1. Please get the size of the charge dipole for the chain, origin at its Cα centre, with Cβ charges of +1 on Lys and Arg and -1 on Asp and Glu, quoted in debye to the nearest 20.
2. Kindly provide the trypsin sites (Lys or Arg not before Pro) of the range 269-324 that DSSP labels as loop, not H, G, I, E or B, and whose Cβ sees at most 14 other Cβ atoms within 10 Å.
3. Going by C-beta contacts inside 10 Å, put 276, 200, 241 in order with the fewest on the left.
4. Pop out the Kirkwood hydrodynamic radius of the range 139-178 from its pairwise C-alpha distances, inverse of mean 1/r, in Å to one decimal.
5. Of the options 45, 116, 140, report the single residue whose Cα projects farthest towards the positive end of the charge dipole of the range 13-190 (beta-carbon charges: Lys, Arg +1; Asp, Glu -1).
6. Let me spell out the model: positive unit charges on the Cβ of Lys and Arg, negative unit charges on the Cβ of Asp and Glu, origin at the Cα centre of the range 277-397. What dipole size does that give, in debye rounded to 20?
7. With 10 angstrom as the radius, rank 155, 358 by how many other C-beta atoms surround their C-beta, starting from the fewest.
8. Expressed as a whole number of Å, what is the distance separating the alpha-carbon centroids of the range 217-271 and the range 60-101?
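Nothing in this text is a laboratory measurement; each read-out follows from the coordinates by a stated rule. For clarity, every value in this text was computed on a predicted model and none was experimentally measured. We place every Cβ from the backbone using ideal geometry, glycine too, and count neighbours over all the protein chains shown.
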Amino acid sequence: MSEKKDKSTTKKTPVYGILAEYSDPAVLIEACKKVRDAGFKKWDTYTPFPVHGIDPAMGIKPTILPWLVLGAGLTGLATAITLQWWTNAHDYAWIVSGKPFWSIPANVPIMFELTVLLSALTTLGGMLALNKLPHPSHPLDLKERFERVTDDKFFLLIEASDPKYDAEEVTSLLAEHADVVEPLMDDDQTPAELPRGIIYALVVLTAAAIIPFALAAHARESHNRSPRIHIVPDMDWQTKYKAQRVNTFFDDRRADRPFVEGTVARGNLQEDDHFYRGKSGNTWARTFPNQVEVSEATMKRGEQRFDIFCAPCHGLQGKGDGMVAQRAEAIGAGVDGWVPPSDITDPNLMKQPVGQLFNSITHGVRNMPAYGPQIDPEDRWAIILYVRALQRTRNATTKDLSPSEIASLK
């Protein structure tokens, strides 16, 4: 009686499908064509390396994935263009050396990055979704022979859930080319669903990922008398005294130490008024200092420095028509009190001593900022030498030419 009960309660493992094993990829392709032509829908192949020609042999049609990737890439491109145009050319337009508010070359890196980023994420996510991956378990995981699929064997599996599935017919169809044909039993050992622990862990991690952003947003909008936590302190907490703080080490209790009277920082002793300040006694110098060689090489150096620092406003010919001036006029900056740059070839400026020009470059004049901190004294004098050459070319007369040069003009 007990034996009958045991037999009746014995549970049979259902068949998942029929598995065929092949040693040659060419034979596998022929088998795929037969299965395709037989009208089977739920079947697949497994190979240790990509097999050329297996997609058409299986009747696999192009997927929608390339279109999804194209759409994602175009979305990233459009987002980058819109974001950069809005911030730079519309919401907060800012003139930088007369450059256009928005141009393609300056924005290509972000356009490229967002295009590639969204395309890559869509490629990975789309591939997983379209292939219904990942599979936590599969009956093939329990098949010992299937381990050779990563080495030298090729497999074809027709699932029992296929509408045309018939065990005998499928076995007969596959046995024509296969080395081994055998049923594949369903996996009754591993649950098909993800373990609840993993699901809960993913939910917790997703929620925890929001915490850093929430903390950052809170820190931006809140005020606290205590300093924030520095995970990477760098030099923020070094032992030092900040400006205007108390330092009890000194009698005057000041952290800032006054300059010692009569001292100059090493390398900053500028006693030569002619060279460093453009002065000759109490008047502006009318000659170049001895340290400056009046030569073609110095003039070339001056031209280079002029094109870098002066031409954006004054123009390459010094007429005051540089890109900054042109841009300002184009957007109507004159209405807001815009003062155009000077024409440095004007005869009135020709009358200014070179020392006065040196002082204007060093400390600025009217709207022109000081360029002393940016340009070395030698280069300032070189620029003045080039400016004199520009002035001479714009205001030259026949009196400045030799008889031979006058004759060549005629």
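1. Details: 45 positive and 51 negative charges, 436 e Å.
My answer is approximately 2100 debye.
2. Numbers: sites: 277, 279, 286, 300, 301, 305, 319; in loops: 286, 319.
Sparse-neighbourhood loop trypsin sites (Lys or Arg not before Pro): 286.
3. Numbers: 276 18, 200 10, 241 13.
Ascending Cβ contact count within 10 Å gives the list 200, 241, 276.
4. Numbers: mean 1/r = 0.0856 Å⁻¹.
Answer for the range 139-178: a Kirkwood hydrodynamic radius of 11.7 Å.
5. Of the options given, the answer is 116.
6. On the way: 14 positive and 12 negative charges, 76 e Å.
Computed charge dipole of the range 277-397: roughly 360 debye.
7. Working: 155 23, 358 26.
Going from least to most buried by this count: 155, 358.
8. Distance between centres, Cα-based: 43 Å.
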